[in-house]
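Down below is the structure, laid out as C-alpha cells.
Just so it is clear, none of the values below were taken in a lab; they were calculated from the coordinates. Worth saying up front: this structure is predicted, and the values here are computed from it rather than measured. Here the Cβ is made from the backbone with ideal geometry for all residues, glycine too, and neighbour counts use every protein chain on show.
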Amino acid sequence: MKDLRERLAAKGVHTLIAQFTDIHGVARGKYLPLAHLDDLLTEGAGFSGPSIDGTGLPRCGPRSEYWARGAASTATALPWLPGYARVVCDGFVAGEPFDACPRQVLRRQVARLAAKGWHLRTGIEPEFFLLKRVDGRWLPADDLDRLGKPSYDLKSLPRQRAYLQGLQQALEACGLDVLQIDHEDAHGQYEVNFGFDDVLASADHLMLFKQAGHALAEAQGMVFSMMPKPFADQPGSGMHMHVSLWSGAVHDSRGNSRNLFVPHRADGSVDHAVQLSPLGRQFAAGVLSHSPALCALAAPTVNGYKRLKASGSISGSHWAPACITHGPNNRTALLRTLHGRFEWRLPDSSANPYLVSAAMVAAGLDGIERQLELPAAADDDLAVLDAAQLHARGIALLPQFLDVALDALADDAVICSALGETLLAQFLALKRAEHGAHARHVSDWELTRYAAMF
Ligand code: GLU
Ligand code: MG
C-alpha cells in the first residue's frame, strides 16, 4: 500500500475517487485524500445505502451503510482530472461482500468459472452519440454531420478529432489499448474499440471509458450519450461483446492460457473449417437459449426496445439484432460467430456492464452444463425476412418491449439465481416502474396521430 501511495503521489495524485457502479450502470463515488488510501483498500469508504438505487438497504441500523472497498490493482491517475486517481470499488455491507453490488454479482460468476479452471474474456465495443441541446431539442453536436449513409464518414470524423484524440490519449494513459475509432451509422454516432481483457477488467474499462467520455465531451460543450436510440429514424447504439473462454487463471503470467473456443481436429491441429469448439457451441447455445431474459439486462431501458425493432432507418439498415439465432460473420443475427469467439450483439449502450456480463456467463455455463447444441446456423440476411418466414425457420424474435423482457427475466431461474434475490427484486421493481411511467406518458406522436382523428 505504501508503494502504491508513493507511486500515485509521484504522478501528482492528491485525491482518490472511490468509484463503484450502481444498478443502472452509472458511476458513483466520493473523493478521499490520498493519505487515506489504506482505509479505502481495507475497510472502504462509507455511503448511505438507501441513497443508492438498487441496494434495497434500510435507512438505519448496521445494514444501512454501503462500504465501497477499493481494489488496489485498479488505481489509475485520470489524465482529464489532474491530481485525481480512480479506484474501482466492490460493495460490502456489515463486513461481507454485498450480494446486490453489480461488481460482486460479476465476481460470483468469475468465481464459478475459476472453480472450473477457466476465465472469460470480453472485448466490449461501445457506440455512443455526441449531442447538443438547442431550444429544447436534442441534436447531433456536429451540424454538418448529415450524410444519408453516415457509416465510416471521413468528413465528419475529423470535425470531432479534438474530442476523439483526447479520448484516445486519455484511455491510453489509463492503460487501455485503443484499437479503432470510427463514425457509426447515425448522425453524431461514433464507436471506440479497445483491447479485450478478463470479463471483470473489461467491465471496469467500460466504466472508465464512460467517465472519460462524459468529462471530455462536457469540456467541449457537448453531451456524451449512451442512450440506446436517441433518433427514431437512425440506428441506435449497441455495446457488442466479443466473447471467448480461456483455460487457467486470469492473466496467467506463464502464458499457459488457451482459448477453449478455438476448434481442433482429432489430430490436435486447429480446425479452420468451423468457428467454435464443441465447448464454444454449448456456451453460445446457452447464451442464445436465455436471450429473452438476458434482453432485460442487455436492453434495460424502454428506449432500448426501439433499437431492437426490425424497422427501417435512413441508412437502410439498423444493424441491431432482432432474431434469436447465430451465423458465421452474420451481423444480422444475435450471435455473430467468428473463429474462436462470438460477438454477442444484444447489449445496448445503456447496459450495466457488470450485470449483463454476469448474466451472459451464467447463461453460457448453463449451456455447457446442459450440453446444449446450437440450432442450424443462419448464413443469410435475416433483416429481409418477415415474421412468417422467420417463424417457418423456427427463429424467434427478441422481446419487443421492456415489460415482456422483464417477465422473461422473472421466469428464468438461471439468470435470476445469477443476479441474486436482492438485486433481482430491485431491478424488477425499478424497471417495472420505468415501463409503467413510459406506458402512461402521452407523447407528441400520439397527439399528432389521434387528437383530431376520431
Ligand atoms: N448500431 C448497431 C447496434 O445497435 C450496430 C452496428 C454495428 O454492427 O457496429 O447494435
Ligand atoms: Mg458498431
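In table form, for the structure just shown:
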read-out: Sorted peptide list for 294-305, 393-404, 138-149, criterion being average Cβ within 10 angstrom, highest first; value: 294-305, 393-404, 138-149
read-out: Span-like helix ranges in the chain, DSSP H, alpha carbon extent 18 angstrom or more, Kyte mean at least -1.0; value: 102-115, 199-219, 353-369, 421-440
read-out: Gain on full stretching of the segment that runs from R161 to D379 - 0.36 nm per residue minus C-alpha separation; value: 74.8 nm
read-out: Loop sites in region 280-383: trypsin sites (Lys or Arg not before Pro), DSSP, at most 13 other Cβ within 10 Å; value: R370
read-out: Cβ crowding within 10 Å averaged over residues, with 199-212, 372-385, 440-453 ranked highest first; value: 199-212, 372-385, 440-453
read-out: D (Stokes-Einstein, µm²/s), Kirkwood Cα radius, region 218-282, 0.890 mPa s at 25 °C; value: 154
read-out: Estimated translational D of region 394-454 in µm²/s (Stokes, Kirkwood radius over Cα pairs; 37 °C; 0.692 mPa s); value: 236
read-out: Principal axis dimensions, largest first and in whole angstrom, of the chain by Cα; value: 66, 64, 47
read-out: Mean projection area, nm², convex hull over Cα of region 1-157; value: 14.4
read-out: Rg/Rg_ref, region 252-355, where Rg_ref = 2.2 N^0.38 Å and atoms are Cα; value: 1.26
read-out: Neighbour-count order for C323, C89, fewest beta carbons within 10 angstrom listed first; value: C323, C89
read-out: Segment R112-K2, extension gain: residue separation times 0.36 nm, minus the distance between their alpha carbons; value: 36.3 nm
read-out: Evaluated over region 88-177, the Cα radius of gyration and Dmax, each in Å; value: 20.4, 56
read-out: Unsatisfied cross-links (Cα-Cα over 26 Å) in the set K149/K229; K30/K132; K116/K210; K149/K306; value: K30/K132; K116/K210
read-out: Mean projected area (nm²) of the alpha-carbon convex hull when region 128-214 is viewed from all directions; value: 6.1
read-out: Three semi-axes of the equivalent ellipsoid, region 153-279, Cα gyration tensor, whole Å, largest first; value: 34, 19, 13
read-out: H438-C60 pseudo-label distance in nm [points 7 Å out on the Cα-to-Cβ vector]; value: 3.8
read-out: Mean separation of Cα contacts under 8 Å (6+ apart) over length of the chain, as relative contact order %; value: 15
